[in-house]
1. For region 1-137, compute the number of Lys pairs whose alpha carbons are separated by less than 15 Å, excluding pairs fewer than 8 positions apart on the same chain.
2. Could you check how much of the accessible area of the chain is carbon and sulfur, as a whole percent, using a 1.4 Å probe?
3. Using a 1.4 angstrom probe, figure out how much accessible area the chain has per residue, in square angstrom, rounded to the nearest whole.
4. From the phi of every residue in region 36-45, what ³J(HN,Hα) in whole Hz does the Karplus formula 6.51 cos²θ - 1.76 cosθ + 1.60 yield, where θ is phi - 60° and glycine or proline is x?
5. Scan around Thr113 for amide H atoms under 5 Å from its own, H built in the peptide plane at 1.01 Å from N, and keep only partners 5 or more places away or cross-chain.
6. Excluding Ala5 itself, what net charge comes from residues whose Cβ is under 11 Å from its Cβ, given Lys and Arg +1 and Asp and Glu -1?
7. Quick one: Karplus J couplings for region 121-134, per residue in order, coefficients 6.51, -1.76, 1.60, θ = phi - 60°, nearest Hz, x for Gly and Pro?
8. Among [x] 21.1; [y] 11.6; [z] 10.1, only one was calculated for this model; which label is it, if the read-out is mean projected area of the Cα convex hull in nm²?
Amino acid sequence: VSGNATAKDSSGNAIGAGDMSIDVLGSGETSIGYFYFDNVSGIDSVDYKLKYSDNLYYSPVIGNLEVEQTINDKNVIVTVTNKGEKAAQFIQAYALFFDENNDVLRYESTYITDDDYEIKIGDTLSGQLDCYKGYDHVEVYFTGRANK
């Protein structure tokens with residue numbers, strides 16, 4: 001999945017642009033993609049286009065991850081076990097921390113990998129995603145892949 005976006009101000013002027021991609025997403029899997037507009041403020045709207053290809057260069061792995069979350073007052077700890085038949089590569093956890101009005105307070109991400117950038121078959125690794133403000137709830141998403 002890939003996308004391109006243009007951020008616009010209230011007059012409809014383009015004030016930022018960004019791209020996003022997810023290497024592979026398997027059937028029934030959920031992930032996150034985002035557009036980052038560097039040093040841009042005053043965004044009123046975002047125009048975007050998404051596309052996907054059925055040509056898989058990698059195998060999906062998110063559905064093979066067993067995830068436990070421990071939610072604390074300043075962070076969420078994610079513990080990930082690879083239950084699949086291939087090493088899970090470049091596993092990245094993304095946390096969206098929300099206030100009671102469902103507005104995003106903070107976005108945080110971290111890789112959950114060993115020194116080879118993998119979670120080997122059967123291995124369990126943990127990561128910490130911090131929020132420095134009080135938050136109401138958190139949602140955690142993952143990206144990752146395996147060789148075909």
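The values are calculated or read from the model by the stated rules, or taken from the named source; none is laboratory data. Since the structure is predicted, the reported quantities are computational estimates derived from the model, not experimental observations. Methodologically, a virtual Cβ is constructed for each residue, glycine included, from the backbone with ideal geometry; neighbour enumeration extends over all protein chains shown. These area figures cover heavy atoms from the full protein model, side chains too; ligands, DNA and RNA do not enter into them. Shrake-Rupley method; radii C 1.70, N 1.55, O 1.52, S 1.80 Å.
1. Values: Lys8/Lys49; Lys74/Lys133; Lys83/Lys120; Lys86/Lys120.
Going through region 1-137 pair by pair, I get 4.
2. Details: 3860 of 9100 Å².
On the chain, the fraction of accessible area on carbon and sulfur atoms equals 42 percent.
3. Working: 9100 Å² over 148 residues.
For the chain, the per-residue accessible area is 61 Å².
4. Whole-Hz 3J(HN,Hα) from phi for region 36-45: 10, 10, 6, 6, 10, 9, x, 6, 9, 8.
5. Those qualifying (amide H under 5 Å, at least 5 residues apart or on another chain) number zero.
6. Details: positive: Lys8, Lys49; negative: Asp19, Asp47.
Net charge in that neighbourhood comes out at 0.
7. After applying 6.51 cos²θ - 1.76 cosθ + 1.60, I find 4, x, 6, 10, 10, 10, x, 10, 10, 9, 9, 8, 10, x Hz.
8. Matching the structure shown: [z].
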